[in-house]
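Where a number appears in this text, it was derived from the coordinates with a stated rule and is not lab data. Quick caveat, the model's predicted, so the values are computed rather than measured. Counting neighbours? That spans all protein chains shown, and the Cβs are built from the backbone with ideal geometry, glycine included.
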Amino acid sequence: MGFVPTMGALHEGHLTLMRQARAECGSCVISIFVNPTQFGPTEDYNKYPRMEDRDLALAADAGVDVAFLPSVDTMYGNTSTTTISVGPIASMWEGALRPGHFEGVATVCAKLFHMVGAGTAYFGAKDYQQCLVIRRMVEDLAMPVRLRICETVRESDGLALSSRNAYLSEQERVAAPMLYKVLCEARDEIGNGRPVEEVLSLGIERLKACGFGVQYLAYVDADTLDPVSKPLRKGRLIVAAKLGSTRLIDNVDAGF
Ligand code: AMP
């Protein structure tokens, strides 16, 4: 069985995971659950887009066999206190900017895996650090779940599909593809031998010039997420930046 956990507001990125799960596993189960414990107190839990009827129709079209839509009460009741803390990989980058985020993600995924009985769980590389956090958890806790990480699905202009893209104003939507463009340029420049530090500060300047509030743009070891200063065989470029109040993340393979 293939399992695709989601928070709903489904788009082509989610649907691609579902089709792939169905094709590779023969059946596909999804969950739609906007998980309160992975949102910070000032984040968008309340305004996160919810559109269950539309999502269920799209999922059915993608060949999904079962959709699990638990309530917050079903997932946590009033007595639940156990959480999963994954360690260093969960406390850098996204984890540093969003304290408790990955604890929420790991805990809900562990619980969903148990409830659904996941055989192979599908995740998107769009949330690259999340993939590493889940991989670490599955390995450390010997969870009987296989993981499949699927490529990021993008708009034709390069913007990674995300439920949060719906928050962008018309003007912000025009600027948003710059995030991916800067990642690609940085990858090419590092590949051409330009010093990493220089490439990253230039990338940050480019993003700022387009109106982004840059939270990080980093060249990291693809397994540990530690920053690196020389081209690496398993390197990854990761970025988080805000356009207005909308926070976007993206990443590309930058191994040489
Ligand atoms: P979410 O609903 O945002 O929690 O995402 C559910 C799953 O879909 C996660 O594994 C995400 O990484 C994945 N996903 C989200 N956006 C994309 C995308 N543009 N391409 C591929 N996978 C994605």
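Computed from backbone phi, the HN-Hα couplings of segment 175-183 come to 7, 4, x, 4, 4, 6, 4, 5, 4 Hz, rounded to whole numbers (Karplus: 6.51 cos²θ - 1.76 cosθ + 1.60, θ = phi - 60°; Gly and Pro given as x).
State the Cα centre-to-centre distance between segment 65-84 and segment 166-191 in whole Å. Segment 65-84 and segment 166-191 have Cα centres spaced 36 Å from each other.
Pick out, from V199, F123, V174, the residue whose Cα sits farthest towards the positive end of the charge dipole of the chain, with +1 on the Cβ of Lys and Arg and -1 on the Cβ of Asp and Glu. Farthest towards the positive pole: V199. Using a ≥ b ≥ c from the Cα gyration tensor of segment 147-233 (square roots of the eigenvalues), is it rounded, prolate or oblate, where a/c under 1.5 gives rounded and otherwise the larger of a/b and b/c decides, a/b for prolate? Judged from the Cα gyration tensor, segment 147-233 comes out oblate (a/c at least 1.5, b/c at or above a/b).
Treat every Asp and Glu Cβ in segment 94-229 as -1 and every Lys and Arg Cβ as +1, leave all other atoms uncharged, and give the resulting dipole magnitude about the Cα centre to the nearest 20 debye. Walk me through the numbers on the way to the answer.
Numbers: 15 positive and 19 negative charges, 96 e Å.
In total the dipole reaches around 460 debye.
Here the chain is assigned +1 on the Cβ of each Lys and Arg and -1 on the Cβ of each Asp and Glu. Its dipole about the Cα centre then comes out at about 160 debye.
Rounded to the nearest 500, the helix-only mean residue ellipticity at 222 nm of the chain stands at -11000 deg cm²/dmol, with each DSSP H run of n ≥ 4 adding -39,500 (n - 2.57). Taking 26 Å as the straight-line reach from the Cα of K234, the lysines in range (excluding those fewer than 8 positions away in the same chain) are K126, K181. Oblate is the label for segment 145-185. Its Cα gyration tensor axes, ordered a ≥ b ≥ c, give a/c of at least 1.5 and b/c at or above a/b. Note: relative contact order over segment 113-160, using C-alpha pairs below 8 Å and six or more positions apart, is 46 percent.
In order along segment 203-219, the Karplus-derived 3J(HN,Hα) couplings, from 6.51 cos²θ - 1.76 cosθ + 1.60 at θ = phi - 60°, round to x, 5, 4, 4, 5, 4, 4, 8, x, 7, x, 7, 9, 7, 9, 9, 9 Hz, and Gly and Pro are given as x. Scoring 128-141, 150-163 by mean Cβ neighbours within 10 Å over their residues and listing the highest first yields 128-141, 150-163.
Give the aspartates and glutamates reachable from K230 as a straight Cα distance under 19 Å; neighbours fewer than 8 places away on the same chain don't count. The reachable aspartates and glutamates, counting only those whose Cα sits under 19 Å from K230, are E185, D188, E189, E197, E198, D221, D253.
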